[in-house]
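The values are calculated or read from the model by the stated rules, or taken from the named source; none is laboratory data. Predicted model, so just to flag it, every value in this text is computed and none were measured. Methodologically, a virtual Cβ is constructed for each residue, glycine included, from the backbone with ideal geometry; neighbour enumeration extends over all protein chains shown.
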Amino acid sequence: MRFKNTLTPKSKPKINKNLYDMVKSGAELFGDKALYLYDRNGTENVFTYNDLLLHVNAIGTALSAYGLFGGNVAIVGDTCPEYIASYLAVVNGNGVIVPLPKELSADNLADFIKLSECDAVIYTKAMNATFKSERALFDTVKYFIPIEPDDFTDERTLPYVSLLEKGKEMLDNGATVLTEHEIDMEKMCAIIFTSGTTGTSKGVMLNQRNLTTAANSAGQSMQYDDDNTFISFLPPYHTYEMSIGQFAIMNLGATIKINSSLKRTIHDMASFKPNALMLVPLFVETMHKRIWDEIDKRGMRKKVKAAMKASDAMLAMGIDMRQKLFGQITSAFGGNLKSIVCGGAAVNPEIIKDFHSFGILILEGYGITECSPLVSVNRPDGVRLKSVGTPVDGCTAKIDVGDDGKTGEILVKGDNVMLGYYKNPEATAEVFTEDGYFRTGDIGYMDEDGYIYITGRKKNVIILSNGKNVFPEEIEEYIYKIPEILEAVVIGRKDQNDVPRITAVCVPDMTKFEGVENEEIEARIRAAIAEMNKKLPIFKQVAITEIRWEEFEKTPSRKIKRYKVK
């Protein structure tokens, strides 16, 4: 299938030498243009490119007055302009930012903050109660910096606005501690604690070279410019969101609407009318499901399918009728949406085809926190189904080929690759080859044009009694084509003889079973899996189907926590 590229940027974004250069040039080029639109206390606010430079300069300068300049600072909470400005203020002063998920328990937050030796923690309104009620846990923290403080205060409370005003005063008096500071591109500037779905956390050490490379390469790979508008949905501690969803986008001169809550996702898309998005697959799957649910409610499936077929045929001849035919469908997302960059897991190819038929190009990419995170992405003029594209600028990838002569572990080298794991030299040594390539732990292959295809995760592999390796992701791809299944995880559950058997744990999509008894639901799911098995080699067929009535526990970035599926 040939995909039509409808993205026509005026020019390529600037290539920055560091993240401070990005902030400074953004103010010079775009000035009072809105960088962020965000809701606070019931009103919409604007934060400009000039505002970002002012906040970064002031916060970074003020940190020196409290002995925090160049030190380790944790940051926790929701996306907001002050969060991004704080992140940039710390790293541009050769400090170390430690972004942490707000979903962590107070005990876990305290453990991570102590481990990373943070003297201060900056946090948004969502964390006020935690840092007030559990203050005693954070005995090593010198300063608590609330972005939207409540009425609680003590000798360790330093509100963001006070820090901002102190910095402005110091700048007015000629302080240059940040503005003329020489950035060490090789020094660690961020510790990203990542567990993925393995249940174990390692601190990924990134430097300015890593983050700047990721932001620059993302901009050069994807055809966007300052006419683009985005909505920020993903959590800010996630490296994909920070490097690509924030830094790469602000380097374009684009405007970002910060999503106020997941409940308002559709509302924000309809009102803000973005023309591009950065998402993870779950969001795309939800959007796709919403489209077809609405079509089915109106009894229009056959007509829409026929229109898609006709439209695709015309598109192949150079006639694009998608806006006219499917504008009512895409209006649910604002009507301007032209492309979605998607990473974090595989997207069902049928979903990509459907969105393309409606006029929205999905660009699958591949990243891993240890690579800041971008490794590869499909370009708008060269999309290939089931592929995560070709390596981005500054990054080289190759396959550590196994016995089949084609598939093996994906290895990566480049300016995007981490320094190592924080206080864990043994783990660091394990993931680097002798010639300096990072072992991603992902299994895949490359075609003759350099496109990468991921077939599974090394840690997830099921080794059968006959010695054959089965990657659960391959089977899950088939399972997710069954409309009656909402979620699924494939594992190798051992029987009484300690023999691993391929087991599919499935969550039914209850919207497809209104008024149906549980026993009948189970029977239908098992029948669908049995039918699916006919399409698979015998050794890959599902032996046991289990029904689960609650959705799987997920990470904040909406990945299923596989290690919790026993």
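Observations, loosely collected:
- Listing of strands (runs of 3 or more DSSP E) fully contained in the stretch 203-312 that carry 3 or more residues being under 26 Å from Asn92 (Cα atoms): 229-232, 255-258
- For Lys324, the conditions (1) touching a residue at least 24 places away in the same chain (Cβ under 8 Å); (2) over 23 Å from Ser221 (Cβ atoms); (3) part of a helix (DSSP H, G or I) are fulfilled apart from (1).
- If the condition is being exposed (fewer than 12 other Cβ atoms within 10 Å of the Cβ), farther than 23 Å from Lys458 by Cα and either at pLDDT 95 or above or in contact with a strand residue (DSSP E or B) (Cβ under 9 Å, 6 or more places away or on another chain) (or both), then the stretch 532-566 contributes Trp549, Glu550, Glu551.
- Here the stretch 489-513 is the region considered, the condition is being more than 22 Å from Lys458 (Cβ to Cβ) and touching a strand residue (DSSP E or B) at 6+ places or on another chain (Cβ under 7 Å), and the residue that is surrounded by the most Cβ atoms within 10 Å (Cβ to Cβ) is Cys506.
- Checked against the criteria, Tyr480 does not count as modelled with pLDDT of 95 or more and in contact with an Asp or Glu (Cβ under 9 Å, 6 or more places away or on another chain).
- Within the stretch 381-391, not a single residue is buried (at least 18 other Cβ atoms within 10 Å of the Cβ), more than 19 Å from the chain's Cα centre (by Cα), modelled with pLDDT of 95 or more and in a strand (DSSP E or B).
- The single condition from (1) modelled with pLDDT of 85 or more; (2) in contact with an Asp or Glu (Cβ under 7 Å, 6 or more places away or on another chain); (3) within 23 Å of Phe283 (Cβ to Cβ) that Arg501 fails is (3).
- Selected residue (only one of Ala58, Ala65, Ala110, Ala106 is over 30 Å from Pro556 (Cα atoms), touching a Leu at 6+ places or on another chain (Cβ under 6 Å) and among the small types (Gly, Ala, Ser)): Ala58
- Checklist (1) over 23 Å from Lys202 (Cβ atoms); (2) in a helix (DSSP H, G or I) applied to Asp404, failing item: (2)
- Qualifying residue in the stretch 247-260 (condition: within 19 Å of Val388 (Cβ to Cβ) and at pLDDT 95 or above): yes
- In the stretch 368-404, the residues that are on the phi > 0 side of the Ramachandran plot and out of contact with any Phe, Trp or Tyr (no Cβ under 7 Å at 6 or more places or on another chain): Ser372, Gly394
- Filtered residue count, the stretch 229-259, keeping only those that are among the polar types (S, T, N, Q) and out of contact with any Lys or Arg (no Cβ under 9 Å at 6 or more places or on another chain): 4
- Hits in the stretch 360-378 - residues which are in a loop (DSSP other than H, G, I, E, B), of a type outside the set (S, T, N, Q) and touching a residue at least 60 places away in the same chain (Cβ under 8 Å): Ile368, Pro373
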